[in-house]
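*Asks:* Pasting in a structure now, in structure tokens, and then I'll have a few things to ask.
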Amino acid sequence: MQIAYADPPYIGQAKKHYGSEAKEVNHSLLIDHLQKFDGWALSCSSPSLKEILPLCPDQVRVCAWVKPFASFKPNVTLAYTWEPILMVPARKRSCDLPTVRDYVSCNITLKRDISGAKPEGFCFWLFEALGMWKDDTFFDLFPGSKAVITALRKWRNQIELFDPPEKLTKGKEQLWQ
């Protein structure tokens with residue numbers, strides 16, 4: 001299966017993080033593109049959720065990255081300590097596998113070359129929540145720091161990684177969609 005992850009500059013942040021010539025991402029086109037994949041996820045900010053969610057298909061899940069340690073901004077009295085992750089998993093996990101929560105709790109990364117680099121714990125959760133198997137094709141559409149691809153290599157090399165069943169069946173037999 002082909003699975004994609006998009007972590008674009010959040011709405012209104014392109015120029016701040018990438019310079020005065022940077023352009024905003026067209027989220028309508030991005031979501032249309034994401035729907036060509038078997039499964040996908042899109043990181044966004046909580047203030048932009050009301051703008052982006054109506055662009056998504058009905059089957060999208062709103063998940064969360066909760067940040068126990070986050071940077072606090074001057075004059076912001078209600079801290080931004082979570083981020084929505086919009087997701088359409090590639091496949092449903094077998095009931096024989098551990099249940100994945102619809103949120104992950106892990107700290108932000110510090111001292112990276114680029115703002116918003118995702119931590120390894122977030123990435124491992126993302127791969128599991130998307131229903132990925134180690135031989136799926138994965139596309140990081142906004143690679144930035146390359147943290148997601150680095151984590152993917154490590155995740156794929158884990159000894160305890162669950163392999164998919166050899167035979168997919170439906171009906172009264174084992175169901176793995």
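The values are calculated or read from the model by the stated rules, or taken from the named source; none is laboratory data. Everything numeric here is computed off the predicted structure, so don't read it as measured data. Please note: Cβ atoms are built from the backbone with ideal geometry, for glycine as well, and neighbour counts cover all protein chains shown.
*Asks:* Residue by residue through segment 1-55, note down the ones that are aliphatic (A, V, I, L, M), in contact with a strand residue (DSSP E or B) (Cβ under 9 Å, 6 or more places away or on another chain) and outside any helix (DSSP H, G or I).
*Replies:* First, pick out the residues of segment 1-55 that are aliphatic (A, V, I, L, M): 1, 3-4, 6, 11, 14, 22, 25, 29-31, 34, 41-42, 49, 52-53, 55.
With in contact with a strand residue (DSSP E or B) (Cβ under 9 Å, 6 or more places away or on another chain) added as a condition, the list becomes 1, 3-4, 6, 25, 30-31, 34, 41-42, 49, 52-53.
Within segment 1-55, M1, I3, A4, A6, V25, A41, L42 qualify.
*Asks:* Does A64 satisfy the condition of being over 14 Å from the mean Cα position of the chain (by Cα) and surrounded by 11 or more Cβ atoms within 10 Å (Cβ to Cβ)?
*Replies:* So A64 does not fit the description; no.
Condition check ((1) surrounded by 15 or more Cβ atoms within 10 Å (Cβ to Cβ); (2) modelled with pLDDT under 95; (3) of a type in the set (A, V, I, L, M)) across all residues:
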{"residue": "I108", "(1), (2), (3)": "yes, yes, yes"}
{"residue": "F124", "(1), (2), (3)": "yes, no, no"}
{"residue": "D135", "(1), (2), (3)": "no, yes, no"}
{"residue": "P143", "(1), (2), (3)": "no, yes, no"}
{"residue": "I159", "(1), (2), (3)": "no, yes, yes"}
{"residue": "F162", "(1), (2), (3)": "no, yes, no"}
{"residue": "K167", "(1), (2), (3)": "no, yes, no"}
{"residue": "E173", "(1), (2), (3)": "no, yes, no"}
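*Asks:* If you don't mind, another one. Might you let me know whether segment 62-70 holds any residue that is touching a residue at least 60 places away in the same chain (Cβ under 8 Å) and more than 19 Å from G121 (Cα to Cα)?
*Replies:* No, that holds for no residue.
*Asks:* Return yes or no: is V66 of a type in the set (V, I, T), under 19 Å from G116 (Cα atoms) and in contact with a Phe, Trp or Tyr (Cβ under 7 Å, 6 or more places away or on another chain)?
*Replies:* In short, yes.
*Asks:* For S43, are the conditions met, namely being modelled with pLDDT under 95, of a type outside the set (V, I, T) and touching a Phe, Trp or Tyr at 6+ places or on another chain (Cβ under 8 Å)?
*Replies:* No, not satisfied.
*Asks:* May I pose another question? Could you list all residues from segment 71-102 that are under 30 Å from M132 (Cα atoms) and hydroxyl-bearing (S, T, Y)?
*Replies:* The answer is Y80, T81, S94, T99.
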